[in-house]
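Structure record follows, encoded as structure tokens.
The values are calculated or read from the model by the stated rules, or taken from the named source; none is laboratory data. Just so we're clear, the structure is a prediction, and the values are computed from it rather than from any experiment. When we count neighbours, we look across all protein chains shown, and the Cβ atoms used for this are built from the backbone with ideal geometry, even at glycine. These accessible areas exclude ligands, DNA and RNA; they are computed on the full protein's heavy atoms, side chains included. Shrake-Rupley method; radii C 1.70, N 1.55, O 1.52, S 1.80 Å.
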Amino acid sequence: MRKLDRHNNTLEHMLLRLDIKVRHEFRHFSFFLKWLTLAIITGVICGFSGAAFHHAANFTEEFFMGHSFLIALLPLSGITIVACYRLLHIYNDEGTNSILRAARAEADSALRVAPLIFISTCLTQICGGSAGREGAALQIGGSISSFMGRKLRLSKNEIQLLVMCGMSATFCALFGAPLSAALFSIEVAGVGMVFFAGLVPSVIASIIAMMIAQWLGVQGFDFVHAAAQSYEPLLFAKVLLLAAACAYLSIIYCSSIHHAMRFYSTVFKNPYIRIFAGAVIVILLSFLFRSYEYNGAGIAVIYKALSGEASPFAFILKLILTAATIGCGFKGGEIIPTLFIGSTFGCSLAPLLGINPVFAAEIGLIAMFCGAVNCPLTSILLSVELFGSDNFIFFGLAGAVSYTLSGYYSLYSGQKFMNSKLIPVPFEKSANK
């Protein structure tokens, strides 16, 4: 009798374990199906939105390069941007910082942000403002997906995942690096605390968006790749030195933008006067630099730097002009200017370090990007998607060094650090301003 009871208890225990396992697997499978569907929908919507934004941004930048006299209309463009935001009751726009908060489930993002940043970025670039477009893409994707989540009555944390999907998809539609875009969206909001739950939906949304963007004629970056470098101790030392220099340059860049914002807001209280004054400063700087290659996103200069050609002062002139543009309230992004500064800086230092200028430009681009956004995993993965894997170990070293030495500075004041950069201790700290 006792043996029978033990046998029954064992059988019940096995059935209970099987039931728990089946429920567990079903939960994971149902999660996968749900987010596969949501990721596809988000990828489609953000793919079309991102492609439209890419073509519009390309047109406005190219149109300005062929009609540089339009820089005289930059003050009018700025006033129009401020008027559009105030017309739709956005009086204190936080830009990409608001999307980062949505990605941490701390706030929602209004749908009206998407058309506003779309139009405002085009207005900035067609009149010669020095700004990129990837930051604007994050806002477009984040605001669209946040709206979708509310309409679908998703929970707070589910909307958080959907915002990451939207950020990834729109970023990828412009940038053409799906894995980097996916990882960036889940790494950038809380540095040191990666939400891997968002990895599958973000990757799927990015791939869908990239396919749609390519179908609509969007071409990703096609940079020249440096030849594979030999693993020599001296070259590793030179890469470490270049990465360290880029880390400190990223601090200067981030601080310049934040200081410019404070300067403009302190001296010019009225937003209309502030952006008008900023536009005048940008015009004067453009005339002083005697070149318009520092206006707009500057993608053509990045291509030249990654081909081994760069003016020795290009990085500092772009830094100044971008801070002057973004600081007073013009819209766009800070990431492409970051790549501009990093690639031209690396290319310029190559002769001093005695290394291949194309290779140095690639290292500078990745190190500068990592130092400015504090996303080491994304930076290393981006190096492979942009430049191939031949020099992967050098990019890994550059990303690690830049991440450590750039401290707690960031392009985004809304970014939060969830772990120390120096010792394995969890804490919460906002980015330095």
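So is Ile283 out of contact with any Ser or Thr (no Cβ under 9 Å at 6 or more places or on another chain), closer than 17 Å to Thr124 by Cα and touching a residue at least 24 places away in the same chain (Cβ under 8 Å) or not?
yes
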query = Does Leu381 qualify as being under 19 Å from Ala182 (Cβ atoms), open to solvent by 10 Å² or more (accessible area, probe 1.4 Å) and of a type in the set (A, V, I, L, M, F, W, C)?
reply = yes
note = Contact list, first residue from the range 238-250 and farther than 16 Å from Thr338 by Cβ, second anywhere and among the aromatic types (Phe, Trp, Tyr) and part of a helix (DSSP H, G or I), beta-carbon distance below 7 Å, six or more apart or interchain, is Val239/Phe394
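A quick yes/no check of all residues on (1) under 21 Å from Lys238 (Cα atoms); (2) surrounded by fewer than 21 Cβ atoms within 10 Å (Cβ to Cβ):
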| residue | (1), (2) |
| --- | --- |
| Ala310 | yes, no |
| Leu321 | no, no |
| Thr325 | no, no |
| Ile335 | no, no |
| Gly346 | yes, no |
| Ala350 | yes, no |
| Ala367 | yes, no |
| Asp390 | yes, yes |
| Ser402 | yes, no |
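Considering every residue within the range 63-75, establish whether at least one is open to solvent by 10 Å² or more (accessible area, probe 1.4 Å), part of a loop (DSSP other than H, G, I, E, B) and under 22 Å from Leu411 (Cβ atoms).
Checking the range 63-75: not a single residue is open to solvent by 10 Å² or more (accessible area, probe 1.4 Å), part of a loop (DSSP other than H, G, I, E, B) and under 22 Å from Leu411 (Cβ atoms).
So, in the range 85-133, of the ones that are among the hydroxyl-bearing types (Ser, Thr, Tyr), in a loop (DSSP other than H, G, I, E, B) and open to solvent by less than 10 Å² (accessible area, probe 1.4 Å), which residue ends up modelled with the highest pLDDT?
Taking the range 85-133 and keeping what is among the hydroxyl-bearing types (Ser, Thr, Tyr), we get 85, 91, 96, 98, 109, 120-121, 124, 130.
From the residues that got through so far, the ones that are in a loop (DSSP other than H, G, I, E, B) too are 91, 109, 130.
Next, from what is left, pick out any that are open to solvent by less than 10 Å² (accessible area, probe 1.4 Å): 109, 130.
Details: Ser109: 76, Ser130: 89.
The qualifying residue modelled with the highest pLDDT is Ser130.
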inquiry  = Where the second residue is small (Gly, Ala, Ser) and surrounded by fewer than 24 Cβ atoms within 10 Å (Cβ to Cβ) and the first is closer than 14 Å to Phe64 by Cα and lies in the range 295-308, which pairs have Cβ atoms under 8 Å and are six or more apart or on separate chains?
reply    = Asn295/Ser286
Residues being farther than 21 Å from Val384 by Cβ, at pLDDT 85 or above and among the hydrophobic types (A, V, I, L, M, F, W, C) - total across the range 165-199 = 1
Number of the exception - Met193 against (1) open to solvent by less than 60 Å² (accessible area, probe 1.4 Å); (2) touching a Lys or Arg at 6+ places or on another chain (Cβ under 9 Å) = (1)
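Per-residue answers, yes or no, for (1) more than 15 Å from Gly190 (Cα to Cα); (2) in contact with a Ser or Thr (Cβ under 9 Å, 6 or more places away or on another chain); (3) in a loop (DSSP other than H, G, I, E, B):
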| position | (1), (2), (3) |
| --- | --- |
| Val384 | yes, yes, no |
| Asp390 | yes, no, yes |
| Phe394 | yes, yes, no |
| Ala398 | yes, yes, no |
| Ser402 | yes, yes, no |
| Gly414 | no, yes, yes |
| Phe417 | no, yes, no |
| Leu422 | yes, yes, yes |
inquiry  = Could you go through the range 29-48 and let me know if any residue there is modelled with pLDDT under 90, assigned to a helix (DSSP H, G or I), surrounded by 13 or more Cβ atoms within 10 Å (Cβ to Cβ) and touching a Leu at 6+ places or on another chain (Cβ under 8 Å).
reply    = yes
note = In the range 173-209, anything of a type in the set (A, V, I, L, M, F, W, C), farther than 21 Å from Tyr412 by Cα and outside any helix (DSSP H, G or I) is listed as Ala177
task = Go through the range 292-308 and give me each residue that's assigned to a helix (DSSP H, G or I) and either over 25 Å from Met261 (Cβ atoms) or open to solvent by less than 10 Å² (accessible area, probe 1.4 Å) (or both).
result = Ala300, Ile302, Tyr303, Lys304, Ala305
remark   = Restricting attention to the range 335-379, the residues that are over 17 Å from the mean Cα position of the chain (by Cα) and not in a helix (DSSP H, G or I) number exactly 3
task = Among the numbered conditions (1) modelled with pLDDT under 95; (2) closer than 18 Å to Gly135 by Cβ; (3) out of contact with any Phe, Trp or Tyr (no Cβ under 8 Å at 6 or more places or on another chain); (4) not charged (D, E, K, R), tell me where Leu365 comes up short.
result = (1)
query = What are the pairs, 6+ residues apart or on separate chains, where a residue within the range 212-235 that is at pLDDT 90 or above and buried (at least 17 other Cβ atoms within 10 Å of the Cβ) has its Cβ under 7 Å from a residue that is in a loop (DSSP other than H, G, I, E, B) and not polar (S, T, N, Q)?
reply = Leu235/Ile355
inquiry  = I'd like the residue in the range 404-428 that is open to solvent by 40 Å² or more (accessible area, probe 1.4 Å) and among the polar types (S, T, N, Q) and, out of all such residues, is farthest from Leu235 (Cα to Cα).
reply    = Asn419
